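In what follows, a structure is listed as structure tokens, so that the remarks can point back to it.
The values are calculated or read from the model by the stated rules, or taken from the named source; none is laboratory data. Note that the structure is predicted; figures quoted are calculated from it, not measured. For neighbour counting, all protein chains shown are included, and Cβ atoms are generated from backbone atoms with ideal geometry for every residue, glycine included. SASA here: full protein model, heavy atoms, side chains in, ligands and nucleic acids out. Shrake-Rupley method; radii C 1.70, N 1.55, O 1.52, S 1.80 Å.
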Amino acid sequence: RTGRYKVMTILGLFGACLSLLFIAAAARLGAGAVLIEVALIAMGLGLGLVMPTLTVAIQNAVVIADLGVATSASAYCRSLGGGLGVALSGAILTTGLQKGSAQEAGQGLAQIASLPPDLRMQVMEVYRHSISLTFVVAAVITAVAFLLLFRLPEIRLCSQRNQNATGKLDIREDPRGA
């Protein structure tokens, strides 16, 4: 309604970053699943403020003739970033498990559960540290995105696109007057 969107994206990324840090701390301390689920919901809400809002901002920033290209490029970059993020998270987790002192860290849950209590706690600590580190790195990347967001120019959202005499959208004109 206001034509402004930058505040929502800033709040969303800030919330997502805090949620990632909370998940990292919860994983490190062995907090219960309920706390982590609440943080995941908060992270989802934060990213939910960011993703569609930035899509609209991207669509608003281009002339209508380039609308499809801009939208598909945005979706492609998000998919690529998601794939790279999953690969990075997996690499961090695997490296952390390999560096852990417990050779049993590569076993399944049933095997870990059957370990003597001292060794089981050691393996769990290796997992907690590795998972926590994964979320800390994600929080740092989100914080960088948060800081970069301040450099994003806020182009007031268009309320309508120009139409020609036939009522069809005129793709030759830039609705922002640029």
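Split the accessible area of the stretch 1-62 by element, probe 1.4 Å, and carbon with sulfur accounts for 77%. Of interest is the spacing of the C-alpha centroids, which for the stretch 113-135 and the stretch 3-34 amounts to 24 Å. For the peptides 57-65, 79-87, the ranking by mean Cβ contacts within 10 Å, running from highest to lowest, is 57-65, 79-87. Stretched out straight at 0.36 nm per residue, the stretch from residue 114 to residue 89 would grow longer than its current Cα-Cα span by 6.2 nm. Each label was represented as a point 7 Å from its Cα along the Cα-to-Cβ direction; for residue 51 and residue 156 these points are 3.1 nm apart.
How many nm separate the modelled label positions at residue 80 and residue 140, each set 7 Å beyond the Cα in the direction of the Cβ? That separation, rounded to one decimal, is 2.3 nm.
Counting only C-alpha contacts under 8 Å and six or more residues apart, can you give the relative contact order of the stretch 1-55 as a whole percent?
53 percent
So between residue 29 and residue 67, what do we pick up on full extension, going 0.36 nm a residue minus the alpha carbon distance?
That pair, residue 29 and residue 67, stretches by 9.0 nm at full extension.
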